[in-house]
Amino acid sequence: MKPIEVTKDIYYVGVNDRTKENFEGHWPLPRGVSYNSYIIEDEKTVLIDAVDICYSNVLSRRIRSVLGDKPIDYLVINHMEPDHTGAVEWLVSQYPDIQIVGNKRTIEMLNGFYGIADNVVLVEDGGELSIGKNRLQFYLTPMVHWPETMMTYIPEKKVLFSGDAFGAFGTLDGGVLDTQIHPERYYDEMIRYYSNIVGKFGSPVQTALKKLSGLGIEAICSTHGPVWTVAENISNVVNLYDRLSRYEGDNGLVIAYGSMYGNTEELAEIIASEAARNGLKSIVMHNVSKSSQSDIIRDVFKYKGLIIGSPTYNSKLYPEVESLVSALDNRFVKNRFFSYFGSFSWSDTTARHLSAFARGMEFELIAEPVIMKQGMIAGVEEKAREMGRAMAEKLLSGVEVVPTLYPEENAKIK
Ligand code: FEO
């Protein structure tokens, strides 16, 4: 394939994975994923990040399409997760003189995962490596997404190789640069990637954003998804990361519920209907047994309102609801308006579990919880309506312009 030039002397040599069902063995990939890799041609040749082991051969052909038989002098590893380092052993076998650049923790992991300890170049935070006309500067950004994570910046070209940061699920279907695609196609998958994979690390992401804030950036080359080169798009994705890592949601509502025989679901429908009747347009409902948890987590990061419903099941929450609240707790989700509802057949524990969850998360409780014994009994329906009404009013009160995580929607509002 003809090399794809990001800017002069920097080429995209990444690959698309449309085969894998689940990222990290867990997160669904309905639109696949790309593993992005880049070549810099200077007096020294540099490969920035590698790819999943399954795509070693494809990477090989992409590299040779740029370098021919020239060797690679340096491999910079910004992130050790095997979706980017699976091909490293193969690279070392093909390019035995390649020097691997990483920080202290990278080098420990390189040895731990692959037994590679020779030909390594240790760099520190703020360190620099000259490759000819250009320099590589290294910024340690721990926990975006692993502790060894760093970013590499070329000041002469104002290009940032950001690792997982600013990345998105979804393959690159022909277009790689944002100038070749409709960027909005990737925003939902960027929010899903962030919330599922990096969402636990909001505070380290904020630290990283502050560290990078003084850099002039004219291109962001992430390890997943499009390469961002247009100033407006760069600003949009940085703002998106800033908002997501501050747990700042849009004025919408997620209702996630489990239901065995439809009784809890009926409450969910009443709540949603009443919220809509009171003017709330952004409402997403998830039956936890049907929706992917990945999508539910994405929507909880997108929206400020959250209502969870569960039957009592073996004295616990419904299993998928229990799994969801655990996933949200694990990601330290903050600043949500919250309500809960549920049902039981003979002994309720839903209220205890969901109120403990709300307290632990420090969510603001909106409306009295609705807990129903067996089927719809007098008074329950009105309490459910009140929950929908109160949540809509809370989300819409004092909101003149509804902010949104979607840049193209913001542009329309302005
Ligand atoms: Fe794309 Fe954290 O790996």
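Report yes if some residue within the stretch 265-280 is open to solvent by less than 30 Å² (accessible area, probe 1.4 Å) and closer than 19 Å to Ala327 by Cβ; otherwise report no.
No, there is no match, as no residue in the stretch 265-280 is open to solvent by less than 30 Å² (accessible area, probe 1.4 Å) and closer than 19 Å to Ala327 by Cβ.
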For Ser195, indicate whether it is within 12 Å of Ala165 (Cβ to Cβ) and within 16 Å of the ligand (Cβ to nearest atom).
-> no
Selection from the stretch 121-140 of residues closer than 22 Å to Val88 by Cα and either touching a His at 6+ places or on another chain (Cβ under 8 Å) or open to solvent by 50 Å² or more (accessible area, probe 1.4 Å) (or both) yields Leu122, Glu124
Kindly provide the set of residues from the stretch 153-163 that are under 20 Å from the mean Cα position of the chain (by Cα) and either more than 18 Å from Phe201 (Cβ to Cβ) or surrounded by fewer than 24 Cβ atoms within 10 Å (Cβ to Cβ) (or both), ordered by number.
-> Leu160, Phe161
Say we look at the stretch 321-331 and pick out the residues that are among the small types (Gly, Ala, Ser) and open to solvent by less than 60 Å² (accessible area, probe 1.4 Å); which of these is nearest to Asp250 (Cα to Cα)?
-> Ala327
Out of all the residues in the stretch 87-97, which are open to solvent by 10 Å² or more (accessible area, probe 1.4 Å) and part of a loop (DSSP other than H, G, I, E, B)?
-> Tyr95, Pro96, Asp97
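Yes/no per residue for (1) within 16 Å of the ligand (Cβ to nearest atom); (2) part of a strand (DSSP E or B):
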{"position": "Val121", "(1), (2)": "no, yes"}
{"position": "Gly132", "(1), (2)": "no, no"}
{"position": "Phe138", "(1), (2)": "no, yes"}
{"position": "Glu148", "(1), (2)": "yes, no"}
Within the stretch 221-245, the count of residues that are open to solvent by 10 Å² or more (accessible area, probe 1.4 Å) and either within 16 Å of the ligand (Cβ to nearest atom) or in a helix (DSSP H, G or I) (or both) comes to 10
Residues being within 15 Å of the ligand (Cβ to nearest atom) and either under 11 Å from Ala165 (Cβ atoms) or among the aliphatic types (A, V, I, L, M) (or both) - total across the stretch 198-219 = 5
Unmet requirement for Leu172, which otherwise passes all of (1) away from the ligand (no atom under 13 Å from the Cβ); (2) at positive phi | (2)
Expected single match for free of Cβ contacts under 8 Å to residues at least 40 places away in the same chain and assigned to a strand (DSSP E or B) among Ile116, Ile100 is Ile100
In the stretch 246-255, how many are under 20 Å from the mean Cα position of the chain (by Cα) and crowded, with 22+ Cβ neighbours inside 10 Å?
-> 3
Residue identified as charged (D, E, K, R), under 24 Å from Val238 (Cα atoms) and within 16 Å of the ligand (Cβ to nearest atom) among Asp125, Asp164 = Asp164
Any residue in the stretch 282-292 that is modelled with pLDDT of 95 or more, among the basic types (Lys, Arg), within 21 Å of Asp164 (Cα to Cα) and out of contact with any Pro (no Cβ under 9 Å at 6 or more places or on another chain)?
-> no
Answer with yes or no whether Lys334 is within 19 Å of Leu267 (Cα to Cα), modelled with pLDDT of 95 or more and open to solvent by 70 Å² or more (accessible area, probe 1.4 Å).
-> no
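Taking the residues in the stretch 59-71 that are buried (at least 19 other Cβ atoms within 10 Å of the Cβ) and away from the ligand (no atom under 16 Å from the Cβ) as candidates, determine which candidate is nearest to Glu21 (Cα to Cα). Talk me through it step by step, then tell me what you get.
Within the stretch 59-71, the subset buried (at least 19 other Cβ atoms within 10 Å of the Cβ) is 59, 62-63, 66.
With the extra rule that they be away from the ligand (no atom under 16 Å from the Cβ), the set shrinks to 62-63, 66.
On the way: Arg62: 24, Ile63: 26, Val66: 31 Å.
Within the stretch 59-71, the match that is nearest to Glu21 (Cα to Cα) is Arg62.
Just wondering, is there one or more residues in the stretch 389-408 that are under 19 Å from Arg192 (Cβ atoms) and assigned to a helix (DSSP H, G or I)?
Checked against the condition, which is being under 19 Å from Arg192 (Cβ atoms) and assigned to a helix (DSSP H, G or I), the stretch 389-408 yields at least one hit.
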Members of the stretch 21-70 that are in contact (Cβ under 8 Å) with a residue 12 or more places away in the chain, more than 26 Å from the chain's Cα centre (by Cα) and assigned to a helix (DSSP H, G or I) | Ser60, Arg61, Arg62, Ile63, Ser65, Val66, Leu67
Flag for His84 being within 16 Å of the ligand (Cβ to nearest atom) and open to solvent by 50 Å² or more (accessible area, probe 1.4 Å) | no
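The values are calculated or read from the model by the stated rules, or taken from the named source; none is laboratory data. Model, not experiment: these values are computed from the prediction. Heads up, the Cβs are rebuilt from the backbone with ideal geometry, glycines too, and the neighbour counts pull from every protein chain shown. When the accessible area is computed, the model is the full protein with side chains, heavy atoms only, and any ligands, DNA or RNA have been set aside. Shrake-Rupley method; radii C 1.70, N 1.55, O 1.52, S 1.80 Å.
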